[in-house]
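*Asks:* Here you go, one structure.
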Amino acid sequence: MSRPKLLFLQVMVAVVVLVFWHVFSTVPLGTGSDGKPYYLLPQFFFSTPLKVIERVFLMFWEGTVYKHLMITLTEAVLAFVIGATAGVLIGFWFARKPLVAAVFDPYVKMMNALPRVVLAPIFALWFGLGIWSKVWLGVTLVFFIVFFNVYQGVREVSPVVLSNARMLGMNERQLLRHVYWPAALSWVFSSLHTSVGFAVVGAVVGEYLGSSAGLGYLIHQAEGVFDVTGVFAGMVILMIFVMVIDFCVTLIEKPLLVWRPTETRTVQ
Amino acid sequence: MTQPMNGAAVPAVQLNSVSVAYGLTGGGRYEAVQPVDVQVADGEFVAVLGPTGCGKSTLLNIAAGLMPPSSGESLIFGQRLQGLNTQAGYLFQQDALMPWKTARDNVAIGLEVRGTGRRDALGAADRILARVGLASFGDRYPHQLSGGQKKRVALAQVLVREPKILLMDEPFGPLDAQTRLIMSELLLDLWQADRKAVMFVTHDLDEAIALSDRVLVMSAGPRASIIGDFPIPLARPRDIAEVRSEPEFHRLHAAIWNTLRDEVRKTYGLSNAAKEIRA
């Protein structure tokens, strides 16, 4: 399918949803038994798309949102950097030391099985209501994704490539640098979108459960006063935020993964 | 142990009563290779020919030091082999290039790891890539190369280190017939220039005769052994395409096939049992 056509269809999906939302939240379907007009999507619960857009615009125009964006961004970035670093190091260590991996295996599985949201209150207790409780929540999410990918990546290095590298005279240190490390990195990069996404999730969920700033806080505040327009506006900003971050990740990974085979298409 | 045999030079590779047995999961032993003796003289091109799964590659891995034999010993230029065989270059059957490095980096790394400066290593890589006909492909990643081109890079990767011994495990097996012919020609050209000792494992009889000075025939596994040792007195340098039409080639082909045929039949008869054992 051609690109403009695809783009058109994609935009049409949004237009249809927004029009549907707008119409059913502003045009009454009839009159209820109590004489009041009846809406399929009452504004108290669903607001209207125009109000939400207006609110988003206002938040950017008045500049109130930037502080919160910066806080959430800081938390997400810290969570990603700490979680990814720990994941790479420990993943590498486990993969190269099967005994260590075998000993810790059940604990890793237990920790990973735990829904991370339940950690939020205890992290708030331990690390306070500032950014660090959110950062650590994000770290617990990012760590496991990166850890499992690196562990898998190092262990599944092709035995032939490995034998070849050894026949080419590489010692352990050189194998680590020229074979294991690039193999593991490629797995980290292939999971980059997921792990960055989870860093944001950790930050926002943490904020939502107890904080004084950030996008999660904004949404929580609006919810507390039944300000549905505010909740939707917060969600829209969050979506834009995640999409921008995702776009940046794509820009970063492209030059790093040039050696990866991509689907080749015939051109006409 | 380093005594020259019959006054001749010390062989490049000498496997003395080397046997291979694997422990099976659930107990028991699989005797893959019975004690065998293999000798490859310096500058000699020896093909090891046998049906699939007979343990030819295993012998090669032992000569490379990638795996230890169950019994016996391998001598490399008279020295008992311990650990990897650092004097040998190994050309694998499967893709063995590092996919994250470009062709020239893949070749240069073999020099860099032993301390050659990056600039010199890249220079040498470019020269050898030109010799295998890939002068303008240095910046490609392996996935951007065809099967035959990848083999050329792998060959360059091995040759750039100037090993005294070349070990080849059905290197052209996965290639199509035409590419194989071209690759065999290239290999023979390069070998003709500096005559290293070569141990070339294959299941292709034509290829074995056309390339080598001597063909060793292995029997089908289990308990594989060497059942034939045929000198190939065809003149050098050889033209791979021409040599196949010489009467001598046909005589050798018939003689070796006579020995090989029963073993190949045996493999097919036993193929199910062999599969079970390998799984």
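What follows draws every value from the coordinates through simple rules; no lab data is involved. Computed from a predicted structure; not experimentally measured. All Cβ positions, even for glycine, are placed from backbone atoms using ideal geometry, and neighbour counts span all protein chains on display.
*Asks:* Which is farthest toward the positive dipole end of the protein assembly as shown among A:143, B:256, B:133, measuring Cα position about the Cα centre, with Cβ charges +1 (Lys, Arg) and -1 (Asp, Glu)?
*Replies:* Farthest towards the positive end: A:143.
*Asks:* What whole number of Å gives the distance from the Cα centroid of region B:218-261 to the Cα centroid of region B:154-168?
*Replies:* Using only Cα atoms to place each centre, the spacing works out to 25 Å.
*Asks:* In whole Å, what is the distance between the alpha-carbon centres of region B:120-134 and region A:48-62?
*Replies:* When both Cα centres are located, 62 Å separates them.
*Asks:* Let me know the whole percent of all Cα-Cα pairs from region B:95-162 that are separated by more than 17 Å. Present the calculation step by step, with values, prior to reporting the outcome.
*Replies:* Working: 632 of 2278 pairs.
In whole percent, the long-distance tail amounts to 28.
*Asks:* Would you work out which of A:210, A:241, B:197 lies farthest towards the positive end of the dipole of the protein assembly as shown? Charges go on Cβ: Lys and Arg +1, Asp and Glu -1.
*Replies:* The one lying farthest along the dipole's positive direction is A:210.
*Asks:* Does anyone have the angle between helix B:118-131 and the longest principal axis of chain B? Alpha-carbon axes, 0 to 90°, nearest 10?
*Replies:* 70
*Asks:* Can you show me the helix-derived [θ] at 222 nm for chain B, built from DSSP H runs with n ≥ 4 at -39,500 (n - 2.57) apiece and divided by the number of residues, rounded to the nearest 500.
*Replies:* Working: 8 runs with 107 residues, N = 279.
Taking each H run of at least 4 residues, the total per residue is -12000 deg cm²/dmol.
*Asks:* Would you mind ranking A:140, A:250 by Cβ crowding within 10 Å, fewest neighbours first?
*Replies:* Numbers: A:140 19, A:250 11.
Going from sparsest to densest Cβ surroundings: A:250, A:140.
*Asks:* Select from A:170, A:70, A:243 the residue whose mean-square fluctuation is largest in a Gaussian network model of chain A (Cα-Cα springs shorter than 10 Å).
*Replies:* Among A:170, A:70, A:243, the largest mean-square fluctuation in the Gaussian network model of chain A belongs to A:170.
*Asks:* Additional query: Return the percentage of antiparallel bridges among DSSP beta bridges fully within chain B, rounded to the nearest 5 %. Walk me through the numbers on the way to the answer.
*Replies:* Values: 20 of 39 bridges.
The antiparallel proportion sits near 50 percent.
*Asks:* Follow-up. Relative contact order of chain B, please, whole-number percent, based on alpha carbon pairs below 8 angstrom and at least 6 residues apart. Walk me through the intermediate numbers first.
*Replies:* Numbers: 523 pairs, mean separation 67.4, N = 279.
Reported as a whole number, the value is 24 percent.
*Asks:* Looking at the protein assembly as shown, what % of its DSSP beta bridges pair antiparallel, to the nearest 5? Intermediate values should be presented prior to the final figure.
*Replies:* Values: 22 of 41 bridges.
Around 55 percent of the beta bridges assigned by DSSP in the protein assembly as shown are antiparallel ones.
*Asks:* On to the next question. Using only Cα atoms and rounding to the nearest 10 degrees, what angle (0 to 90) does helix A:64-96 make with the longest principal axis of chain A?
*Replies:* 30
*Asks:* Can you tell me, using C-alpha contacts under 8 Å and at least 6 residues apart, the relative contact order of region B:133-279 as a whole percent? Intermediate values should be presented prior to the final figure.
*Replies:* Values: 123 pairs, mean separation 26.7, N = 147.
Reported as a whole number, the value is 18 percent.
*Asks:* Turning to a different aspect of this structure: Comparing B:68, B:142, B:231, which has the greatest mean-square fluctuation in the GNM of chain B with Cα pairs linked when under 10 Å apart?
*Replies:* Of B:68, B:142, B:231, the Gaussian network model singles out B:231 as fluctuating most.
*Asks:* List the chymotrypsin sites (Phe, Trp or Tyr not before Pro) in region A:202-250 that DSSP assigns to loop (not H, G, I, E or B) and whose Cβ has at most 14 other Cβ atoms within 10 Å. Which are they? Walk me through the intermediate numbers first.
*Replies:* Details: sites: A:208, A:217, A:226, A:232, A:241, A:247; in loops: A:226.
Listed in order of number, the matching sites are A:226.
*Asks:* Charges only on Cβ, +1 for Lys and Arg, -1 for Asp and Glu: so what's the dipole of region B:95-162 about the Cα centre, in debye to the nearest 20? Before the final figure, lay out each step's value.
*Replies:* On the way: 12 positive and 7 negative charges, 17 e Å.
With Lys and Arg at +1 and Asp and Glu at -1, about 80 debye.
*Asks:* Separate question: Quick check on the protein assembly as shown: what are the equivalent-ellipsoid semi-axes from the Cα gyration tensor, as sqrt(5λ), descending, whole Å? Show your work: numbers first, answer last.
*Replies:* Numbers: eigenvalues 849, 137, 105 Å².
Values for the protein assembly as shown, descending: 65, 26, 23 Å.
*Asks:* With +1 assigned to the C-beta of every Lys and Arg and -1 to the C-beta of every Asp and Glu, and no other charges, what is the dipole magnitude of the protein assembly as shown about the Cα centre in debye, to the nearest 20? Mind dumping the intermediate values first?
*Replies:* Numbers: 48 positive and 43 negative charges, 84 e Å.
Taking the Cα centre of the protein assembly as shown as origin, the dipole is about 400 debye.
*Asks:* Continuing with this model, one more query. Once the dipole of the protein assembly as shown is set up with Lys and Arg at +1 and Asp and Glu at -1 on Cβ about the Cα centre, which of A:117, A:7, B:22 lies farthest towards its positive end?
*Replies:* A:117
*Asks:* Still on this structure, I have one more. Would you mind computing the Rg to Rh ratio of region A:48-256 from its alpha-carbon coordinates, Kirkwood style for Rh?
*Replies:* Working: Rg = 20.5 Å, Rh = 18.8 Å.
On the Cα set of region A:48-256, Rg over Rh gives 1.09.
*Asks:* If you put +1 on each Lys and Arg Cβ and -1 on each Asp and Glu Cβ, how big is the dipole of region A:56-172 around its Cα centre, in Debye rounded to 20? Could you put the intermediate results ahead of the total?
*Replies:* Numbers: 8 positive and 5 negative charges, 44 e Å.
In debye, rounded to 20, region A:56-172 gives about 200.
*Asks:* To continue, here is another question. Distance between the C-alpha centers of region A:3-37 and region A:124-182? Whole Å please.
*Replies:* Region A:3-37 and region A:124-182 have Cα centres spaced 47 Å from each other.
*Asks:* Here is a follow-up. Taking chain A as a Gaussian network, where each spring joins two C-alpha atoms under 10 Å apart, which residue of A:66, A:107, A:180 fluctuates the most?
*Replies:* A:107
*Asks:* Near residue A:258, within a Cβ-to-Cβ distance under 13 Å, what is the net charge of the other residues, with Lys and Arg +1 and Asp and Glu -1?
*Replies:* Summing Lys and Arg as +1 and Asp and Glu as -1 gives +1.
*Asks:* Would you tell me the mean number of C-beta atoms belonging to other protein chains that fall within 10 Å of each C-beta in B:105-113, as a whole number? Don't jump to the answer; show the numbers that get you there.
*Replies:* Working: counts 1, 3, 1, 0, 7, 6, 2, 5, 10.
Per residue, the average neighbour count from other chains is 4.
*Asks:* Turning to a different aspect of this structure: Cα-based count: Lys pairs in chain B below 25 Å, eight or more positions apart or different chains?
*Replies:* Count of close lysine pairs: 14.
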